[in-house]
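What follows is a short report on a single structure.
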Amino acid sequence: MKLTGTCLCGAIGFSLEGWVSRVQACHAERCRKATGGLFAPEIAASSEKFQWVGDRDQIASYEAPILHAPPAYRRNFCKTCGSPLPVEIEGAGMVILHAGLLDDTRGLDVFRHAFTAQKSACCDITDGLPQHEGQPPVPDPSDILP
């Protein structure tokens, strides 16, 4: 699968090609605060053919202190508009990105909820999808889009 996306102001974008997971709704407090949403719509994708498009000087990073165990919690964002940008997970061969950055979301759907023990009090989960109170397992082949 090939995906492209940009930040709100269009200064920085990305393209990638390869395997792509379905969307995970992450309810972790850090993810909610990083996105400003009630949950973060996260996608894992192959980093093999990931590339930045545009002005890479617009990328800023924030790395939060490690709470319990590695890996570190890192967020990239656009210096101009503040949009959250993809983060490559070192040594894992994957990149994590938010579905709202994509130019085309056809074919995507949410397949599970993560960190539900930290969900916002006003966010009732009623869709019947699998829920994980903490870190869910790595997506398996059935969670990967063709």
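The values are calculated or read from the model by the stated rules, or taken from the named source; none is laboratory data. This is a predicted model, so every value here is computed, not measured. Positions of Cβ are generated from backbone atoms using ideal geometry, with glycine treated the same way; all protein chains shown enter the neighbour counts.
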- Among the numbered criteria (1) closer than 18 Å to Cys31 by Cα; (2) surrounded by 16 or more Cβ atoms within 10 Å (Cβ to Cβ); (3) touching a residue at least 24 places away in the same chain (Cβ under 8 Å), which single criterion is violated by Leu108? (1)
- Are any residues in region 1-19 in a strand (DSSP E or B) and under 15 Å from Ser47 (Cα atoms), and if so, which ones? Lys2, Leu3, Thr4, Gly5, Gly13, Phe14, Ser15, Leu16, Glu17
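So which residues in region 61-83 are β-branched (Val, Ile, Thr) and modelled with pLDDT of 95 or more?
Thr80
Condition check ((1) of a type in the set (D, E, K, R); (2) free of Cβ contacts under 8 Å to residues at least 60 places away in the same chain; (3) loosely packed, with under 13 Cβ neighbours inside 10 Å) across all residues:
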{"site": "Glu17", "(1), (2), (3)": "yes, yes, no"}
{"site": "Lys33", "(1), (2), (3)": "yes, yes, yes"}
{"site": "Pro41", "(1), (2), (3)": "no, no, no"}
{"site": "Pro65", "(1), (2), (3)": "no, yes, yes"}
{"site": "Gly100", "(1), (2), (3)": "no, yes, no"}
- State which residue is farthest from Arg32 (Cα to Cα) when the search covers only region 119-129 and only residues that are surrounded by 13 or more Cβ atoms within 10 Å (Cβ to Cβ) and modelled with pLDDT of 95 or more. Leu129
- Is it the case that region 50-60 has a residue that's in contact with a strand residue (DSSP E or B) (Cβ under 9 Å, 6 or more places away or on another chain) and modelled with pLDDT under 95? no
